[in-house]
1. At a probe radius of 1.4 Å, what is the per-residue accessible area of GLU68, in Å² to the nearest 10?
2. I'd like the distance separating the alpha-carbon centroids of region 1-31 and region 42-74, in whole Å.
3. What relative contact order, as a whole-number percentage, does the chain give when Cα pairs under 8 Å and 6 or more residues apart are counted?
4. Rank VAL31, VAL53, VAL9 by accessible area, highest first, at a 1.4 Å probe radius?
5. Per DSSP H run of n ≥ 4, the term is -39500 (n - 2.57); total these for the chain, divide by its residue number, and report the mean residue ellipticity at 222 nm rounded to 500 deg cm²/dmol.
6. By a straight-distance test (C-alpha under 21 Å), which lysines pair with LYS69 as possible cross-link partners, with residues fewer than eight away in the same chain excluded?
7. If you work out mean projected area of the Cα convex hull in nm² from the coordinates, which of (1) 5.6; (2) 6.6; (3) 6.1 do you get?
8. Loop-only check: which trypsin sites (Lys or Arg not before Pro) in the chain are DSSP coil with at most 11 other Cβ within 10 angstrom?
Amino acid sequence: METIQTELVDGWKLIAHPDYTVFSNEKSYIVVQKDDMNEMIIAFSINNNTFSVTSCNWGLKFDFRSDEKTIAITTDPNEYEEDEDED
């Protein structure tokens with residue numbers, strides 16, 4: 001899966017597929033999927049060494065590496081859409 005890296009506050013990084021867009025308001029973030037609906041997939045905040053998820057879509061997969069201050073969204077948005085179409 002192709003990924004891009006986005007710099008966040010306090011030395012944190014987000015690694016995700018380029019079909020996700022990151023919006024921020026100081027230390028709070030939302031990640032949306034670039035499609036017709038711009039669906040929010042995760043909302044979180046960062047405060048120095050604390051990563052807090054405030055909302056998350058069912059089935060979203062991500063890795064959190066506190067030692068590297070890295071959050072990696074491992075869900076491919078194209079696979080996510082295919083799973084929804086099966087219902």
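1. 100 Å²
2. Value for the Cα centre distance between the two parts: 10 Å.
3. Contact order relative to length: 24 percent.
4. Greatest to least solvent exposure: VAL53, VAL9, VAL31.
5. -3000 deg cm²/dmol
6. LYS13, LYS27, LYS61
7. Looking at mean projected area of the Cα convex hull in nm² for this model, the match is (1).
8. LYS61
The values are calculated or read from the model by the stated rules, or taken from the named source; none is laboratory data. All values derive from a computational prediction rather than experimental measurement. Positions of Cβ are backbone-derived with ideal geometry, glycine not excepted, and every protein chain shown enters the neighbour counts. Keep in mind that these areas ignore ligands, DNA and RNA; they rest on the heavy atoms of the full protein, side chains included. Shrake-Rupley method; radii C 1.70, N 1.55, O 1.52, S 1.80 Å.
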